[in-house]
Amino acid sequence: MPHFTLQIGPNGPIVNAFVAVSQGRTAALTAAGQAIPKPAPILALVDTGASCTCVDPSVLHGLKLTPTGSISVNTPSTGLTPHETYQYDIALVIPAPSGSPLIFQTIPVVAADLLEAQGFHALIGRDILSRCFFTYNGEVGIFTLAY
């Protein structure tokens, strides 16, 4: 099973990743003879409290993506009142320091403001973690992601 182990930083378990246009969007752009935007390098916080993966709108707009719809999400700041936000289809790649990367050709994500201001561009939520094995060893300051 491919995996990697990294240090837990001051902002928590952060991974380097790339966000790109989804497999379907790539096919549509290619068929239309249009350029495919280059993948955007990002920092992503592994967040077991996030039910879905969230990406800062600045990253999504940089890839010239349009929403595929909208969904209601609850956050600690919204309490019991859900917040309506846009959903996008993206491709996500989390490279491993050595070995095979974790790749999602198409995965729905939600736009979440203020992530970049916190020192990262995305939250890796339980939608992705449900396909992985994640350990957080705070005693020694490391985390492992296996897939």
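Quick notes on this one:
- Reported count of residues in segment 59-114, each being touching a Cys at 6+ places or on another chain (Cβ under 7 Å) and modelled with pLDDT under 95, is 1.
- Residues of segment 92-118 that are touching a strand residue (DSSP E or B) at 6+ places or on another chain (Cβ under 6 Å), open to solvent by 60 Å² or more (accessible area, probe 1.4 Å) and outside any strand (DSSP E or B): P97 alone.
- Any hit, segment 46-60, residues being touching a strand residue (DSSP E or B) at 6+ places or on another chain (Cβ under 7 Å) and over 24 Å from F134 (Cβ atoms): yes
- Filter result (outside any loop (DSSP other than H, G, I, E, B) and either touching a residue at least 24 places away in the same chain (Cβ under 8 Å) or among the aliphatic types (A, V, I, L, M) (or both)) within segment 123-136: L123, I124, R126, D127, I128, L129, F133, F134, Y136
- Boolean, L60 is surrounded by 12 or more Cβ atoms within 10 Å (Cβ to Cβ), assigned to a strand (DSSP E or B), out of contact with any Lys or Arg (no Cβ under 9 Å at 6 or more places or on another chain) and touching a residue at least 24 places away in the same chain (Cβ under 8 Å): no
- Residue within segment 81-91 that is surrounded by 12 or more Cβ atoms within 10 Å (Cβ to Cβ), of a type in the set (F, W, Y), in contact (Cβ under 8 Å) with a residue 40 or more places away in the chain and more than 18 Å from A146 (Cβ to Cβ) present: no
The values are calculated or read from the model by the stated rules, or taken from the named source; none is laboratory data. Nothing here was measured: the structure is a model prediction, and the numbers come from that model. Cβ atoms come from the backbone with ideal geometry, glycine included; neighbour counts cover every protein chain shown. Remember, those area values only see protein heavy atoms, side chains included, never the ligands or the DNA or RNA. Shrake-Rupley method; radii C 1.70, N 1.55, O 1.52, S 1.80 Å.
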